[in-house]
Structure formats: C-alpha cells, structure tokens
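Read the figures in this text as sums done on the coordinates, not as results from a lab. Model, not experiment: these values are computed from the prediction. Positions of Cβ are generated from backbone atoms using ideal geometry, with glycine treated the same way; all protein chains shown enter the neighbour counts.
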Ligand code: NAD
C-alpha cells in the first residue's frame, strides 16, 4: 500500500500521534493508500511554519517578479506531470481519467495566469483633500491562508486558491479532503522539487474535527478559502468568529438550465447532459434543475433518455468510459433514498434510479432522469451531488425566471435560446454568479467563478480572486517644510 506523509516547513512528517487512515479506490472499493491524520499539534506546526515564512526568510524578501517565476515553474512541472497526477486523482476519487488528466493540464494554466499577475498588483496615489500631504495605498498579502478543499476536484480547487494567494505573497496551509487526499500529497512533491522556501506551502490532511476546525479557527490564520458543502461552511464561519479571518466560500448549488422553445435542441441536450452527468454529477455547478418549455418538453425528454441510455458506465481508467463511480458509498445511499422519496412525492422516473446491475463492484449509479411535478420535491430542492437530473415544465418566460430563482442557491445557470434579446433579458434577472448561454460548464483562469446566497461568496479566478488575497494599507506622508502642528492649537 502506498504511504504518504504531511508536508510541513519543507519536510515530510507523520502525524504527531502517528495516527493514520486509509483512502480507497471507489471503482474497486479497495484501500490503496495510507495518509496521516493531522492532530491539533500538526495544525499548529503547519501554521507556525507558514507564519515564519511570511515574515522572514526568502519568501518575505522575494520580489513579486521572483514569486511569479516560482509559480511559473510550478505550472510547468504540473503540466509535465499531469498524466501521473491525473492517474492518482482518478484512483482516489473515481473521476474519469480523461477528465482528471485534462483538468490537471488546465490547472497548470491557472498557476500560469496568476504567475503573470504577481508583479501587477498595484496601489494608488490619492488626490487627497488636504494640503502638504502625499497619500498612497499598497496592497499587501493578507497573511497565512487556510485552504480547505473537498474531494471532487482537488488539484483544480487547490489551484484556484493557491494561485492568487501565492501571487499576492501570502503563505498557505492546504488541508486535503479526508475522502481522496492522495493528489494533494503528489502535488506537495512537486512543490518540494520546484523549490518554494520552506513553510510557504504546507500540505496536511485529516478530519473536519480536529484538523479542519483547528486550522480555520487558528489565531494566526488571517484568510480562509473554503470549498465544500453549506453545512461545513456554517461551521467554518463559526470557527472564524475567534480569528476574524477574511473568508471566501465556494459552496454547492442547484443550478437551473432553462430551455426555451426557440433553442437549438441538440445543443441544449448536450448542455444538459454535460451539466448533469459530467463528473458523474459530482460538480458544484451541476445544472440539476432543468426547465423545459411546454411545447418541447416531450421531445427533449425523449432525446435526454436516448442519450442517457448510451452513456458507458464503468472503470474510470478506461478511455472509453463516459461515467465513472461516485466517490463514496454514503453518496450512493443518500441519492438512492432521495430518488425514492421524490418518486413518492409524485415524480416520474424516465431513466436510471438505481445502481447498474452489470457492475458488481464499485460505487456506480445510473444516469437518472426524473420528470418532476413541482419544485417542492426533494431532488429539486436539495443538491444531489450525483447523476440525478430533475426536469420541470414551464409555459412562459416570466414563469421560467420565477422558477429558476426559487432557490436559496445561486452558483451557475444555463439558458438555451436562439433569441439574443431574450438571452440578455433573462440572464439579467437570474440570481446566479455565473450565466452560461447556449453552453454549459465552461471555466477559465481569466473568468471570475463563484456564487450568490447559499452558494457562498468571494471569487476564484480572474482579477477579483487576486485582489481577494490582498489587504489595503494607506500611507500618509507630511510633505510640508513645517513640523506637525500642535493639535490643541486651532488655526
Ligand atoms: P464537505 O463540506 O463535507 O468537506 C469539505 C472540506 O471541509 C473537507 O476537507 C473537510 O474535511 C472539511 N471540513 C469538514 N468539517 C470541517 C470543520 N468543522 N471545519 C473546517 N473544515 C471542515 O464537502 P464535500 O462533501 O467533501 O464536497 C462536496 C461539496 O463541495 C458539495 O456541496 C459541492 O457542491 C461543494 N463544491 C463546491 C465547489 C465550488 O467551487 N463552488 C466546487 C466543488 C465542490
């Protein structure tokens, strides 16, 4: 069995109490690697290393251009090793090899983008309303960043945090998910090779309690970057009540895809399939509430079922596979129960709704299509984080907008229409951080990513993300040739 260690202060170590746990391959259900389970003491050591690197040593003295160069080197190494990193991520999470390899290659572009921004963080000179004063602002790093990620796309979700954090000069403690931590330790090996000064990037893993709690509530952590579920997010907000860390939250969603009768149906069906069955539906931007205009409802459902039937489910390592397993057994159990309850609530099962009979091992679940009578049924209200599509009918544009906005989430949304005016009109009224028109699930390091409402706040990617990892300092300089006046003598 493969064995990993924590990466703290540029060195490899076991947990302080030697605690470990195993991680399994969801396709074979077999344990394949052992990782250390961080104690509070390990968290303290990692934060202390990050804090020391922030204020003294090579990182603190480095120019922004040199920081950018290190990030560029990291990007190159990740690209060179993307096949290997993809293999490990697939083994640990069950995501398709095609997807993990491709995504890891693209992760390199994220570091590349932020490498270029490292020496473009500028302050301003202020046209201040007082004589004999020169006033300017500087954007500084915020401090030690606690980056906490879930299992579903760790290389990627770490990059969207570490890229801007490091470009801005912060130091990081990255907490890998307990459910598929291995890719983060492979990443730590690359960090080590690239030659970041010790303590700039520390990689640990462990459970929410004590590791996640101790990290996000640590008095020396000034910035928390979290991706995960809304319940954990609430706990994190509670944790940061003590350190008042600046926090960004990338949470789940229940994103709508609206298909109007004037849409190109082929494109719409592709968008819906990608939005629901890509990554086996384990995607925060899953477009899992599908609104179809009455006149095209039956035809679209027929096409969706035909496409779902053709999806090849199986070994994520196989190039031909189109849908792999879910990451954990708990996911399967949760989804199975939710689909059963939704059917009792009046939904019609068009396809799937069970584990595939031909696969006797692995956490597989069929692509599932439900026709739902209204928005109150369970699969429409709750994030499934699995391959479950809930379709609903609408008659008019106004009704579609109201239904799409009838959720507490607000991450992504898709519109399919050939009517340009309608595309702009409707997108302006949808409450979501990202709008895709006649496409779905596209992302880029250049485009801000994040949600509204219960989908969280803060932005990952783009210039917004970089600025989110800086704090503004204002500097006042008296330029008069007179000493500062006595404050008790009014002139
Ligand atoms: P999760 O919230 O259970 O866990 C995420 C991380 O939080 C893990 O590393 C976990 O150990 C840690 N954690 C747990 N308890 C903690 C605590 N008390 N304090 C600090 N950290 C703690 O999420 P998950 O089930 O692993 O991932 C699925 C969720 O992530 C879904 O809701 C999904 O939508 C969301 N997600 C969002 C995005 C996005 O960018 N918006 C991307 C991917 C996934």
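Let a ≥ b ≥ c be the square roots of the eigenvalues of the Cα gyration tensor of region 236-346; is it rounded (a/c under 1.5), or, if not, prolate (a/b larger than b/c) or oblate?
Working: a/c = 1.91, a/b = 1.49, b/c = 1.27.
Prolate, because a/c is 1.5 or more and a/b exceeds b/c.
Would you order 472, 328 from fewest to most other beta-carbon atoms within 10 Å of each residue's own beta-carbon? Before the final figure, lay out the partial values.
Working: 472 11, 328 18.
Exposure proxy ranking, most exposed first: 472, 328.
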Worksheet item: Shape call for the chain from the C-alpha gyration tensor, a ≥ b ≥ c root eigenvalues: rounded (a/c under 1.5), prolate (a/b greater than b/c) or oblate?
Response: oblate
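Counting other beta carbons within 10 Å of each Cβ, put 399, 209, 378 in order, fewest first.
Numbers: 399 14, 209 10, 378 19.
Sorted ascending by nearby Cβ count, the order is 209, 399, 378.
Determine the relative contact order of the chain: mean sequence separation of Cα pairs under 8 Å and six or more apart, normalised by residue count, in whole percent.
Working: 1116 pairs, mean separation 87.5, N = 491.
About 18 percent, as a whole number.
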Worksheet item: Which residues in region 75-90 place their backbone N less than 16 Å from a point set 7 Å from the Cα of residue 359 along the Cα-to-Cβ direction?
Response: 90
Fill in: Gyration tensor (alpha-carbon) shape descriptor, region 256-437, a/c threshold 1.5
prolate
Worksheet item: Taking Cα pairs under 8 Å and at least six residues apart, what relative contact order does region 256-437 come out at, in percent?
Response: 29
Discussion item. Using Cα-Cα distances under 8 Å and only pairs 6 or more residues apart, what relative contact order does region 226-312 have, in percent?
Written reply: 30
Discussion item. For the chain, take the longest principal axis of its alpha carbons; what is the angle in degrees between that and the long axis of helix 329-344, to the nearest 10 within 0 to 90?
Written reply: 50
Worksheet item: If you line up the long axis of helix 82-93 against the longest principal axis of the chain, both from Cα atoms, how many degrees apart are they, to the nearest 10?
Response: 60
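What order do you get for 157-169, 345-357 when each peptide is scored by the mean count of other beta carbon atoms within 10 Å, highest first?
Per-residue mean Cβ counts within 10 Å order the peptides as 157-169, 345-357.
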Worksheet item: How far is it, in nm, from the label point at residue 421 to the one at residue 334 when both lie 7 Å from their Cα along the line to the Cβ?
Response: 4.4
Response to the item:
residue 238 and residue 444 label points (each 7 Å along its Cα→Cβ direction) are spaced in nm at 4.1
Worksheet item: Which angle from 0 to 90°, rounded to the nearest 10, does the C-alpha axis of helix 294-310 make with the longest principal axis of the chain?
Response: 90
Discussion item. Ranking request for peptides 78-90, 36-48: highest mean number of other beta-carbon atoms within 10 Å first, then the rest in descending order.
Written reply: 36-48, 78-90
Response to the item:
Computed, not fitted: 222 nm per-residue ellipticity of the chain from DSSP H runs ≥ 4 (each -39500 (n - 2.57)), nearest 500, equal to -12000 deg cm²/dmol
Worksheet entry | Two-site label geometry, residue 133 and residue 17: point separation in nm, points 7 Å out along Cα→Cβ | 5.5
Worksheet item: For residue 402 and residue 349, what does the FRET efficiency come to when R0 = 22 Å and r is the distance between their Cβ atoms, rounded to the nearest 0.05?
Response: 0.25
